[in-house]
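S.K.: I have a structure I would like to understand better, so I am pasting it below and will then ask my questions one at a time.
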Amino acid sequence: MASIATTATPQLAEGQHGMMRRSAVGEHHFEFGGYLPEVELAYETWGTLDAAGTNAVLVMHALTGDAHVAQGDAHTAGWWDGFVGPGATIDTNKYFVLAVNMVGGCNGSTGPSSLDEHGVPYGSRFPFVTIKDSVRLEARLAKQLGISTWHAVIGGSMGGARALEYAVEFPEQVKNLVVMASCAQATAEQIAFAQVQTQAIRLDPHFHGGDYYTQDARPDAGLGLARRLAHITYRSEAELETRFGRKPQPGEQPTGQLDGPRGRYQVESYLDHQATKLANRFDANSYLLLTEALMSHDVARGHESLSAALARLQQVNVVVAAVSSDRLYFPEQSEKLAASLPTKSPVHYIDSPIGHDGFLTDASQLDSVLRTLVFSH
Ligand SMILES: CC(=O)SCCNC(=O)CCNC(=O)[C@H](O)C(C)(C)COP(=O)(O)OP(=O)(O)OC[C@H]1O[C@@H](n2cnc3c(N)ncnc32)[C@H](O)[C@@H]1OP(=O)(O)O
Ligand SMILES: N[C@@H](CCO)C(=O)O
């Protein structure tokens, strides 16, 4: 990871586009209890904030994403390169873009692998995190950076949940909201898929109740199992079938004795690869915390009802988008969200066979819609 500059009062220095910085945003009492005396948020920016502070765009990452949305000066690929950048849909020649690593994460912001004031990793002592905690802390960072109004807040998947929550929590600060491949409240099935993932981590013998940082081994097997299941939900049945079908992994024979080694089908090898890749870049406690944050996602919490919560968006221009083949955040959930909004706008579709991950691979399909409805000036 690139070295990180920490500042108590962030400076928006020129020539640091897409470079990680970190800022202390103060103490935090978490929504469901627990307290941290100091939270630091890692963030990256692109473009220049105009004198009136009216061109700011907040981009929210999904579950295992981070603040590195676009390449910028870091010269390492961003997860929304092509969608965010000079001349792109979110044009960093015109807009000032901010992305923040969510609290509880493992990419620069305070999370369970961070050290407490005694130099000990928080581990199991890290508070339960919610999407509301995420946006309340991010709003503090925005204030430090001198941003009082967002031209747009945008995100997909958990990023969509964060974007929606931000607008419901601070409607007076948000002009345009874009919610992609997401929903207003985690559904029973989303909670169910997530529960299997959290169990896979907790049941790993190397988990040690979350206090594994001083041990020789980490719960990578559990994290990998969690990622395998999650990744299946991120891709469509049709994509897996077309891409892998029943083909064996080259050089392997996917049959054998119950107690003996056997080769793999290609799709198994693919899932193994996704599991190893995630275990190499992500902390199991952060995965657990952020997954449970998403399980708890409910914009109605703290309001009389869902419609009361969404009624707060009366003055916000909301764009809802779905991936046609999404089997985790079904298009019907986006339709339901759009129909529940005060403005009752239509859902815009990313037409992709890939499934949920289409919000990452095919976001540019929303280019003309977003240039017309959100980024027209
Ligand atoms: C916004 C966010 O919050 S998320 C941040 C970015 N997200 C991630 O990084 C999540 C993990 N990655 C992904 O979900 C996906 O890679 C995406 C969505 C980013 C891109 O999807 P795609 O381009 O369709 O790539 P796909 O998921 O199919 O994976 C390709 C990988 O599988 C590997 N692969 C393909 N077939 C096989 C196989 N039979 N055996 C082993 N590995 C295989 C490829 O070699 C490639 O490896 P690499 O990623 O190390 O280069
Ligand atoms: N691939 C994405 C999907 C979750 O929405 C991620 O890992 O964050």
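The values are calculated or read from the model by the stated rules, or taken from the named source; none is laboratory data. Given the structure is predicted, the values throughout are model-derived calculations rather than measurements. Here the Cβ positions follow ideal geometry from the backbone for every residue, glycine too, while neighbour counts run over all protein chains shown. Heavy atoms of the whole protein, side chains included, go into the accessibility calculation; ligands, DNA and RNA do not. Shrake-Rupley method; radii C 1.70, N 1.55, O 1.52, S 1.80 Å.
S.K.: Pop a pseudo-label 7 angstrom from the Cα along the beta-carbon direction at both ALA217 and PHE32 and give the gap in nm to one decimal.
M.R.: That separation, rounded to one decimal, is 2.9 nm.
S.K.: Any idea of the accessible area per residue across the chain, 1.4 Å probe, to the nearest Å²?
M.R.: Per residue, the chain has 42 Å² of solvent-accessible surface.
S.K.: In debye to the nearest 20, how big a dipole does region 132-187 give about its Cα centre with +1 on each Lys and Arg Cβ and -1 on each Asp and Glu Cβ? Don't skip to the end; give the middle numbers.
M.R.: Numbers: 6 positive and 5 negative charges, 20 e Å.
Here the size comes out at about 100 debye.
S.K.: Continuing with the same structure: Modelled label-to-label distance, GLU189 and ARG243, 7 Å Cα→beta-carbon offset: nm?
M.R.: The modelled label-to-label distance comes out at 2.0 nm.
S.K.: Under 5 Å between amide hydrogens, which residues at least 5 positions from ALA321 or on another chain qualify, with H placed 1.01 Å from N in the peptide plane?
M.R.: Those lying under 5 Å, H to H, from ALA321 are VAL179, MET180, ALA181, HIS348.
S.K.: Between ASP50, ASP362, ASP116, which gets the highest mean-square fluctuation from a Gaussian network model of the chain, Cα cutoff 10 Å?
M.R.: The residue with the greatest mean-square fluctuation here is ASP50.
S.K.: Test of understanding: what is the full-extension gain from THR255 to ASP367, defined as 0.36 nm times their sequence separation minus their Cα-Cα distance?
M.R.: Values: separation 112, 0.36 × 112 = 40.32 nm, distance 4.63 nm.
Result: 35.7 nm gained on full extension.
S.K.: How would you order 237-248, 208-219 from highest to lowest mean count of nearby Cβ atoms within 10 Å?
M.R.: Output ranking for 237-248, 208-219: 208-219, 237-248.
S.K.: Summarise the long-distance tail of P(r) for the chain by giving the % of C-alpha pairs beyond 28 Å.
M.R.: Tail of P(r) above 28 Å: 45 percent of Cα pairs.
S.K.: Moving on to the next point. Taking the dipole about the Cα centre of the chain, with the C-beta of Lys and Arg at +1 and of Asp and Glu at -1, give me whichever of PRO331, GLY156, LEU306 is farthest to the positive side.
M.R.: Result: PRO331, furthest along the dipole toward the positive end.
S.K.: Report ³J(HN,Hα) in whole Hz for each residue of region 279-293, in order, from the Karplus equation J = 6.51 cos²θ - 1.76 cosθ + 1.60 where θ = phi - 60°; Gly and Pro get x.
M.R.: Per-residue couplings from phi come out as 4, 7, 10, 9, 8, 4, 4, 5, 4, 5, 4, 6, 5, 6, 4 Hz.
S.K.: Residue farthest toward the positive end of the dipole of the chain, with Cβ of Lys/Arg at +1 and Asp/Glu at -1: which of LEU223, ALA167, THR64?
M.R.: Working it through, the farthest residue towards the positive pole turns out to be ALA167.
S.K.: Give the cross-link partners of LYS336 among the lysines, using a straight C-alpha distance below 28 Å as the criterion and excluding same-chain residues fewer than 8 apart.
M.R.: Output for LYS336: LYS132, LYS175, LYS344.
S.K.: When you count, for each residue, the other Cβ atoms within 10 Å and take the mean per peptide, how do 101-110, 321-330 rank with the highest first?
M.R.: 101-110, 321-330
S.K.: Shifting gears a bit: Under the rule of at least 5 residues apart or a separate chain, name every residue whose amide H is placed under 5 Å from the amide H of PHE30.
M.R.: Under 5 Å from the amide H of PHE30 lie the amide H atoms of TYR35, LEU36, each far enough along the sequence or on another chain.
S.K.: Ok, one more. To the nearest 20 debye, what is the magnitude of the charge dipole of region 159-217 about its Cα centre, counting +1 on the Cβ of each Lys and Arg and -1 on the Cβ of each Asp and Glu?
M.R.: 180 debye
S.K.: Given Cβ point charges of +1 (Lys, Arg) and -1 (Asp, Glu) and nothing else, what value in debye, to the nearest 20, does the dipole of the chain about its Cα centre take?
M.R.: Around 340 debye, computed over the chain.
S.K.: Also, quick follow-up: Given R₀ = 45 Å, FRET efficiency for ASP351-GLU172 by Cβ-Cβ distance, to 0.05?
M.R.: 0.80
S.K.: Another question, if that's okay. Sequence-distant or interchain residues sharing an amide H contact under 5 Å with ARG327, placed H: which?
M.R.: Here HIS356 satisfy the definition.
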